[in-house]
Each structure stands twice: as structure tokens, then as C-alpha cells.
Amino acid sequence: MLLRNYRFSGRYGPEWGSGGIFGLRYHNGTLYFTLAFEAEAHFIDVKSGGEKVYDFTLLGDAPTSGGDTYNAVETVDEFIYFGGWVHAPAVYRKDRRILFNNKYSHVHVYDTEEETVKLLWRDSIHHDTDWAGEVSDILYDPYNDSLLLAREDGHANLGVYALDRRTGKAEPLIHEPSAKGTRVHDAAFFGIGNNFTEGLREIKALDLIDGKWETFKPGESVDGRPYIRPEYGPLAGAYNRAFAFVRGGVIAGNPFMGEEFTFFRLFDFYTFYAPFRVNAINVGGGILTAYNAHHDAVYSGNPADVGMEWAATNTITGPSVLLYLAPPMVKIVGAFGARVTSIEKVDGKLLVATNTAPNTGSTEATPFDTGSRDVVVLDEKIIQEKPPAVSFSLPLALPSMAKNLGAGTFGGIPLDGYREPRMVLYLSTDNRLTVHEYELVLPAGGAVSETFEVRAGKNVLDLSSFSGIVSFELEKPDMGGKVRIELR
């Protein structure tokens with residue numbers, strides 16, 4: 001199975017740009033994933049090499065498109081539950097738009113013993129331009145033997161739903177938009193907020209025993225500086241804490257054990273560089289996930305936004321990175337292209353699904369997927385090895401403009417494993433640079449800050465005297481400068 005050449009160029013699948021390989025899950029001898037936007041669910045018998053492909057036509061007529069773009073998958077007993085959204089049938093218009101009348105949110109179940117697929121649940125509002133909340137995560141509730149569905153991306157029927165895995169009946173538990181969740185101890189934590197406007201605004205926790213909900217705020221930043229728009233990707237559990245991976249950092253804690261949530265800045269470039277449309281898995285007692293360089297983007301600039309949205313989504317500041325967390329250590333263990341879409345562990349190997357192209361906007365639909373998608377096979381020992389050489393480059397106009405929003409601290413660069421890290425600043429005027437040094441300790445500690453005088457022109461700052469994670473802040477805006485961070 002590991003020798004298969006899983007590479008997919010774009011085929012018919014009307015949607016916004018590119019989807020990817022999502023939902024990678026190895027269970028009971030079967031490897032599952034969904035190929036989006038072609039709407040193909042693949043089931044590979046690892047022992048025999050046999051493969052079944054399902055086209056989602058239990059939802060409606062062919063041709064179908066979509067599938068899953070958030071890694072909505074869970075396993076219970078011999079079953080693989082997979083969710084997401086599908087157009088059945090897909091309707092593409094030549095004005096580069098698609099109709100959403102036939103878009104369904106769904107949960108299917110694959111029986112690994114019988115090798116059969118069944119439709120468990122579906123939902124649609126049958127509207128031209130709007131859609132019912134996609135299923136972006138599935139958590140198993142072992143106490144109530146039900147599935148918890150997170151739904152944030154959509155216009156109606158958002159929130160967290162409880163789905164009876166025998167009858168297929170779904171009941172809403174809360175109506176606030178939620179994209180992702182995770183189980184910790186006897187509770188399920190869910191991110192709350194709209195990802196394409198504000199990001200994570202709070203975290204709600206469901207007590208799986210008594211059914212009560214509690215609400216918590218994301219908390220302050222460990223470097224003492226403000227942060228903005230924490231659009232959130234996966235949540236994961238480890239060390240009896242919940243970890244919410246967001247644009248610009250990670251939020252960690254567990255108020256049920258007396259530890260409030262704290263924001264740890266990571267890869268904060270004031271672009272859409274974020275842990276978005278990817279999952280997080282537990283490996284070796286820690287957490288493995290990815291921060292993506294180019295997952296959602298505006299293809300054609302809109303004069304109304306003066307190029308801001310185009311710049312934020314299309315400025316490529318660095319490679320997508322595979323990140324391993326074993327607090328206080330945060331280590332880069334892989335460097336990839338545009339984005340990583342799914343991660344899974346199989347027989348001592350790590351399967352990393354990647355894509356060359358992002359999702360695009362509503363007026364930029366194509367009749368075929370625009371990306372090149374593949375699966376990279378790595379040895380799981382990479383979490384113990386020296387990190388790869390990586391560099392990041394950022395126009396200082398982006399953090400400078402963020403100062404108008406009360407922010408501006410950038411970076412959050414993990415230095416673990418690097419012997420010769422350095423920063424190269426190209427400034428248009430004299431300035432002062434503050435470096436905040438901290439680590440992902442639990443419970444959270446503080447940061448140590450040091451300020452340097454920097455001059456117009458080229459400045460080289462040796463970062464080898466720092467450890468853990470470092471973020472940066474310029475005293476004055478510099479609209480014409482740039483910074484390069486090199487990790488060797």
C-alpha cells in the first residue's frame with residue numbers, strides 16, 4: 001500500500017479552485033480518504049491491496065463534486081464514519097459560478113468487515129447561493145454512544161449536533177458556529193466563531209456525563225502582546241489540555257483543572273498562513289499538525305478591498321511546515337509546498353497529503369479541480385531527528401499595517417533543533433526591535449524581552465543566543481522594509 005503512487009491531477013469536480021486529499025484514516029486494516037473536489041471516497045484494504053471507490057451518489061445523481069475539505073472522520077468498532085459536503089448533482093455555470101441547490105452536508109459509514117457504504121445522515125437547504133453547515137469534524141461520544149458533529153462553514157443549521165449512529169437522527173446541542181472539536185478527559189471542547197470574519201471568539205466545553213456546557217475565552221498572549229483574527233483549524237487533546245491551533249499561534253489550557261487558556265504566538269505573519277484545512281493527530285504522546293502557506297485565497301483582486309484581501313491570502317511568507325508539539329518543545333519536522341491537507345500514521349510511517357493550490361472565492365469557480373494532490377510517505381522517526389532547513393520572508397508592511405488594529409507583533413518562530421538561526425532585517429529607517437522569548441510550558445509562563453537598536457539598511461541578528469520560541473516587534477511602522485528569518 002505504501003508503494004502506491006497516490007498522485008491526482010485535476011479532473012471534473014465543479015467548485016472553488018482546489019480541494020485536496022482529506023480524512024486520511026487507517027482503521028481495522030483499511031485506509032480511507034476522500035478526494036475533493038472529485039467527490040471520491042477511497043477505501044484501501046492494506047493487506048490485499050484491493051481498493052473500493054465510492055462516488056457519493058447515495059446523496060443524489062451524478063456528476064457529484066466536493067466530498068470533504070476539513071477532515072471529518074471518526075472510527076468506532078469496525079466502522080469508519082466520514083462526513084463533509086457534496087453537490088449531487090453538481091451544476092456549473094459558464095459565468096464561473098456554481099449553484100448550491102443540490103449541496104448536501106452528510107455523514108456516511110463504511111463497514112470495514114462487510115466492505116459496504118451506507119448513508120447515515122444528510123442535510124440541505126436547497127438554495128441557489130447558500131448552504132447548510134458543512135460537517136467539518138466528527139467526534140465519538142463513548143458515554144452516550146453518539147457522534148458529535150461540528151458545523152461552522154455555511155449559512156444555516158450551524159453548531160454542534162449529536163447524531164445517533166444507529167438511527168441517523170441528528171439533534172442540535174448548540175447553534176453557535178463550530179468548525180472543530182476534541183475530547184479531553186470527560187469533556188468535549190469545541191471552537192466557536194466564524195473563520196472567515198473573526199476567527200475563534202470562545203471555546204465551549206460539553207460535559208459528556210451530565211450534558212452541561214461551559215464557555216471559556218481564548219486568553220491572553222504569553223508574549224504579552226495583542227493578537228488578532230485567530231482563524232482556527234484543528235483542536236487536539238494531550239496532557240489533559242485542549243489545544244486549538246489558530247492563525248498566528250496555538251491556544252492551550254483546561255479551565256476544568258484550574259488552568260485558563262493561553263495564546264502562544266506561532267508563525268504570526270498577518271497573512272492567511274494558518275493551520276487551516278488540515279487535521280492534528282497524536283504521535284508519540286505529542287501532537288502533529290501543519291501550518292499552511294496557501295490554503296484559501298482570492299484569485300482575482302477586488303478594487304473595493306484596495307488589494308488587502310488579495311495580499312493577505314496570496315503573500316507567501318514561507319513553506320508549509322509540519323509541526324510537532326511535546327511541551328515545552330515545539331519543533332518543525334517537515335517543510336512542504338502550498339499546503340498539507342491531511343496527516344495519518346500507518347505502520348511506523350506518516351502519510352502526509354499535500355496540494356499545490358488553494359480554495360478560491362465564490363466568483364472564481366472552475367469545472368475541474370485546479371490542484372495537483374499527492375501523498376508523501378515519511379518515517380515517523382522524523383519527530384526525533386534534526387529539523388529541516390527553513391526560511392521565512394515577510395514584507396514589514398503587513399505587521400506595520402496591523403499596528404492600526406492594535407497588533408503588530410510578528411513571528412513566533414520555534415527554534416528547537418536549530419543551531420544557526422538568524423534574522424536579516426532590511427529597513428527603510430532607523431528603528432528599535434524587541435525580541436520576546438518564551439516557550440510552550442504548561443501551565444503557561446511569561447516571556448523575556450530584549451530590545452535592540454537597528455539601523456536603516458541591512459541588519460543581521462544572530463538568534464542562536466535565544467531558545468524556545470521568539471516573536472518580534474518594531475517600535476515604528478516600516479512600510480518599505482522586509483525581514484528574512486533563516487533556520488539552519
Subject >> Coarse-grained scattering of segment 113-253 at q = 0.08 Å⁻¹, given as base-10 log I(q)/I(0) from a Debye sum over alpha-carbon atoms >> reply: -0.23
**OP:** Starting from the Cα coordinates of segment 88-130, work out the convex hull volume and express it per residue in Å³.
**Re:** 76 Å³
Original post:
If you roll a 1.4 Å probe over the heavy atoms of the protein chains, what accessible area per residue do you get for the chain, in Å²?
Top reply: 38 Å²
**OP:** Could you pull out every one of the aspartates and glutamates with an alpha carbon less than 14 Å from that of Lys52, ignoring same-chain neighbours closer than 8 positions?
**Re:** Glu40, Asp111, Glu113, Glu114, Glu115
Subject >> Global form of segment 134-188, assessed from the alpha-carbon gyration tensor, a/c cut-off 1.5 >> reply: oblate
Original post:
Among 109-120, 427-438, what's the highest-first ranking by average C-beta atoms within 10 angstrom per residue?
Top reply: 427-438, 109-120
Original post:
If the cut-off is a Cα-Cα distance under 17 Å, which lysines reach Lys331, setting aside same-chain residues fewer than 8 apart in sequence?
Top reply: Lys381, Lys386
**OP:** Using only the Cα atoms, work out Rg/Rh for segment 336-479, with Rh taken as the Kirkwood radius, to two decimals.
**Re:** 1.05
**OP:** Work through the residues other than Glu260 whose Cβ is under 13 Å from its Cβ and net out their charges, Lys, Arg +1 and Asp, Glu -1.
**Re:** -2
**OP:** Count the net charge of all other residues whose Cβ sits under 9 Å from the Cβ of Lys52, scoring Lys and Arg as +1 and Asp and Glu as -1.
**Re:** -3
Original post:
What is the set of long-range amide H partners of Val91 at a cut-off below 5 Å, with H atoms built 1.01 Å from backbone N?
Top reply: Leu99
Subject >> In order through segment 256-266: 3J(HN,Hα) via Karplus (6.51 cos²θ - 1.76 cosθ + 1.60), integer Hz, x for Gly, Pro >> reply: 5, 10, x, 10, 5, 6, 10, 8, 10, 5, 9
**OP:** Give the Rg/Rh ratio for segment 415-488, taking Rg as the radius of gyration of the Cα atoms and Rh as the Kirkwood radius, to two decimals.
**Re:** 1.00
Original post:
Once you list every other residue whose beta carbon is under 10 Å from the beta carbon of Thr370, what net charge do they have if Lys and Arg are +1 and Asp and Glu are -1?
Top reply: -3
**OP:** Would you kindly derive the ³J(HN,Hα) couplings of segment 126-137 from the backbone phi angles with the Karplus curve 6.51 cos²θ - 1.76 cosθ + 1.60 (θ = phi - 60°), listing them in order in whole Hz, with x for Gly and Pro?
**Re:** 6, 10, 4, 10, 10, 8, 6, x, 5, 7, 9, 7
**OP:** Starting from the Kirkwood radius over alpha-carbon pairs of segment 184-304, derive D by Stokes-Einstein at 10 °C in a medium of 1.306 mPa s and give it in µm² s⁻¹.
**Re:** 105 µm²/s
Original post:
Using a 1.4 angstrom probe and counting only protein chains, how large is the accessible area of His127 in Å², to 10?
Top reply: 80 Å²
Subject >> Dipole moment magnitude, nearest 20 debye, segment 208-305 about Cα centre, only Lys, Arg, Asp, Glu C-beta charged >> reply: 120 debye
Original post:
Accessible surface of Met329 in the full protein assembly, 1.4 angstrom probe, to the nearest 10 Å²?
Top reply: 60 Å²
Original post:
Along the principal axes of its C-alpha atoms, what lengths does the chain span, in descending order and rounded to whole Å?
Top reply: 66, 52, 44
**OP:** Please give every one of the aspartates and glutamates within straight-line cross-link reach of Lys212, meaning a C-alpha to C-alpha distance under 12 Å, and leave out same-chain neighbours fewer than 8 residues apart.
**Re:** Asp186
Subject >> Debye intensity ratio in log₁₀ form over the Cα atoms of segment 343-426, taken at each q of 0.22 Å⁻¹ >> reply: -1.06
Original post:
So which chymotrypsin sites (Phe, Trp or Tyr not before Pro) in segment 182-231 are both in a DSSP loop and have at most 12 other Cβ atoms within 10 Å of their Cβ?
Top reply: Phe196
Subject >> Percentage of interatomic Cα-Cα distances in segment 1-101 larger than 21 Å >> reply: 35 percent
**OP:** Give me the Kirkwood hydrodynamic radius of segment 154-237, using the inverse of the mean 1/r over all pairs of distinct Cα atoms, in Å to one decimal.
**Re:** 14.0 Å
Original post:
Amide H of Gly67: which non-local residues (sequence gap of 5 or more, or other chain) have their own amide H closer than 5 Å, using H built in the peptide plane?
Top reply: Trp85, Val86, His87
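Hey, could you get me the Stokes-Einstein D for segment 313-387, Kirkwood radius over alpha-carbon pairs, 20 °C and 1.002 mPa s, rounded to whole µm² s⁻¹?
Estimated via Stokes-Einstein, D reaches 151 µm²/s.
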Subject >> Sum of -39500 (n - 2.57) over DSSP H runs of 4+, divided by residues of the chain (222 nm, nearest 500) >> reply: -500 deg cm²/dmol
Original post:
How many percent of the accessible area of segment 54-184 is carbon or sulfur, using a 1.4 Å probe?
Top reply: 44 percent
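The values are calculated or read from the model by the stated rules, or taken from the named source; none is laboratory data. Values in this document were obtained by computation on a predicted structure and should not be read as measured data. Ideal geometry is used to build each Cβ from the backbone, glycine not excepted, and the neighbour counts take in all protein chains shown. Ligands, DNA and RNA are excluded from the accessible area calculation, which covers all protein heavy atoms including side chains. Shrake-Rupley method; radii C 1.70, N 1.55, O 1.52, S 1.80 Å.
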